[in-house]
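The values are calculated or read from the model by the stated rules, or taken from the named source; none is laboratory data. Note that the structure is predicted; figures quoted are calculated from it, not measured. Every residue, glycine as well, gets a Cβ built from its backbone with ideal geometry; the counts of neighbours run over all protein chains shown. For accessibility, only protein heavy atoms count, side chains too; no ligands or nucleic acids. Shrake-Rupley method; radii C 1.70, N 1.55, O 1.52, S 1.80 Å.
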Amino acid sequence: MGPNGSGKTTILGMILGVLYPSSGSYLWFEGNFDTNPNTRIGALLETPNYYPYLSGWQNLKIQAIIKGAGNGQIENALRRVMLWDRRSSAFSSYSLGMKQRLSIAGAMLNDPEVLVLDEPTNGLDPAGIAEVRTLILELGKEGRSIIIASHLLDEVEKICTDVCIIKQGKLLSNGPIMAADGHKVMALRASDMGLLESLMNKFPMATEVHRVGEDLRVTLPASLDPALLNVYLFDNGLVLSMMSHSQKSLESHFLSLTQ
Amino acid sequence: MKLLNIFHAELRRFIPYPAFWVMMLVLIIITFGVFNMGTNFRINGIIVVDKTFPSLWHLGTYLVSCISFLPLIILINAVTNDIQYRVFKQNVIDGFSRFQWLVGKLFFIFFLSGLAVIIGAGIISFTGIQSTPWITPEMYFEKFYFVGLLFLHYVGWLSIGFLLILITKRSMLSLLSFFGLFLLEKYIVFKVEKLPVLLPFQVFNELVPRPKNELLDKMIPILPYTTYDLILYACLYIPACWGLSLLFISYRDIR
């Protein structure tokens, strides 16, 4: 994740072998491969790259030959992205969402161990975004590693388990999504907000406590079990009326690092 | 990756491409038109365009070589499609090496040259059989080697064209730079009296030289090189073009 121009696509381009790094190195599959490792990776970089005059099927066929996948896999991939009925239509006649889905189908050929998706919901309408998001989550559940580049905080929060934040090609932070800096933000509410604030200021693991609207936002270690916090407050005579992960945690962290 | 897979992927690009077949049809029509502009053209009663075998192989392949720009346009169209639609980039992402992509294009150039030669040879045969009063297999095949030279001519032209496409990345720009280089070479040959080496276009054009003609030979003399010299030069220039192409794409980012 990173702001526009931070180098997300450039990094993906380098690890996929289309751009040459000026320095640094990377290693796929711990170096255990006999053929080009890219055949074990499914990738969508920037825009869908297909011949406009060929049909969806014909375009995927070329990809399948390169990746060593059979016709059955093309059919499975097209069915999975719901383009089987439009397989004979020219790529140029597809909507943007369909083009994006065809790219994902192409990336899925040969059952890759890793998927690399650059801005997979770019230019899609809300329904298209939801479709692609569901598809990515399903693919992730099958045990694949999925690397996504995005500047959309909402998308990253909903899809990813881990996040790296970069700016101008430099890694600023990395870690689990709810603890990009090793912390998470909880939003708390109680009938006595004064007592709640006072107790949280005394709570040894709370690094930041401040009021935001009706909530008290508390920054805590990512590993902290929320049940422990609840027990601590209850033992001190306070019953919480609301406790949740703050949806703003990633955003605030992202903005603090990149602005 | 198996070589056959590279060829298979390449075939899948242009076999379903309608513009490829339209251009091939145009090639057939123009080649046929060139051969039927006049039958046994005469000046003062002397036949200057002899459309009978065996000499027709020389004249025919020479005429066909004069329209080499048509296969060149087909090549430019096909390769710039790969670059313009970023299919080359996607191919590398999917597992092709740059070298394998290049091998695919070399196959395409051989295929295209072969197809153009077959069309030309077919029309020459058709014209020759119609124009020759009686024909024997010896007469038919006596100068058939010109067909092989025509193939080498095409491969040479298209190899230069391919290198220029990689450098310019734009169809019109590559076509203009091709003809710009062609004219520049003509100018150099015209200006410098004794060049130490034959230049690429000179070699590929002279592979199928203009048939002997008293009138024209007085104005533009034919180069005093043997066919073997020219084949040797061609066999140096063609790999040089491909080596430069490989060098060019190996060290350049694909965007």
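General remarks:
- Any pair with Cβ under 6 angstrom, 6 or more apart, that starts in the range A:215-240 at a residue that is at pLDDT below 90 and ends at one that is open to solvent by less than 70 Å² (accessible area, probe 1.4 Å) and of a type in the set (V, I, T): A:R217/A:V185; A:V218/A:V209; A:T219/A:V185
- First in the range B:49-62 and closer than 13 Å to B:I123 by Cα and among the aliphatic types (A, V, I, L, M), second anywhere and open to solvent by less than 40 Å² (accessible area, probe 1.4 Å) and assigned to a helix (DSSP H, G or I), Cβ under 8 Å, 6 or more apart: B:L56/B:I124; B:L56/B:T127; B:L56/B:G128; B:L56/B:S131
- Looking only at residues of the range A:93-114 that are part of a loop (DSSP other than H, G, I, E, B) and not acidic (D, E), we find that the one that is nearest to the chain's Cα centre (by Cα) is A:P112.
- Against the test of being polar (S, T, N, Q) and surrounded by fewer than 16 Cβ atoms within 10 Å (Cβ to Cβ), the options A:N32, A:N110 yield a single qualifying residue, A:N32.
- Any hit, the range A:37-54, residues being in the same structural domain as A:L135 (by TED's automatic domain parsing), touching a His at 6+ places or on another chain (Cβ under 6 Å) and open to solvent by less than 40 Å² (accessible area, probe 1.4 Å): no
- A:G169 meets the stated requirement of being in the same structural domain as A:Q58 (by TED's automatic domain parsing), on the phi > 0 side of the Ramachandran plot and in contact (Cβ under 8 Å) with a residue 60 or more places away in the chain.
- Filtered residues of the range A:43-101 (kept if of a type in the set (G, A, S) and in contact with a Ser or Thr (Cβ under 7 Å, 6 or more places away or on another chain)): A:S55, A:G56, A:G68, A:S88, A:S89, A:A90
- Residues located in the range B:147-175, provided they are open to solvent by 10 Å² or more (accessible area, probe 1.4 Å) and of a type in the set (F, W, Y): B:F151, B:W157
- Residues that are under 23 Å from the mean Cα position of the chain (by Cα) and within 14 Å of chain B (Cβ to nearest Cβ) are absent from the range A:79-92 altogether.
- The number of residues in the range A:15-29 being open to solvent by 30 Å² or more (accessible area, probe 1.4 Å) and within 19 Å of the chain's Cα centre (by Cα) comes to 1.
- Taken as a whole, the structure leaves A:L135 outside the set of residues that are more than 30 Å from A:F234 (Cβ to Cβ), at pLDDT 90 or above, of a type outside the set (G, A, S) and in the same structural domain as A:N59 (by TED's automatic domain parsing).
- Counting only residues that are assigned to a loop (DSSP other than H, G, I, E, B) and facing chain B (nearest Cβ under 7 Å), the range A:48-63 holds 6 of them.
- Selection of the range B:3-24 for residues being at the interface with chain A (Cβ under 9 Å from one of its Cβ atoms) and free of Cβ contacts under 8 Å to residues at least 24 places away in the same chain yields B:N5, B:H8, B:R12, B:P16, B:P18.
- Condition met for A:L137 (within 26 Å of A:I11 (Cβ to Cβ), surrounded by fewer than 22 Cβ atoms within 10 Å (Cβ to Cβ) and more than 12 Å from every other protein chain (Cβ to nearest Cβ)): yes
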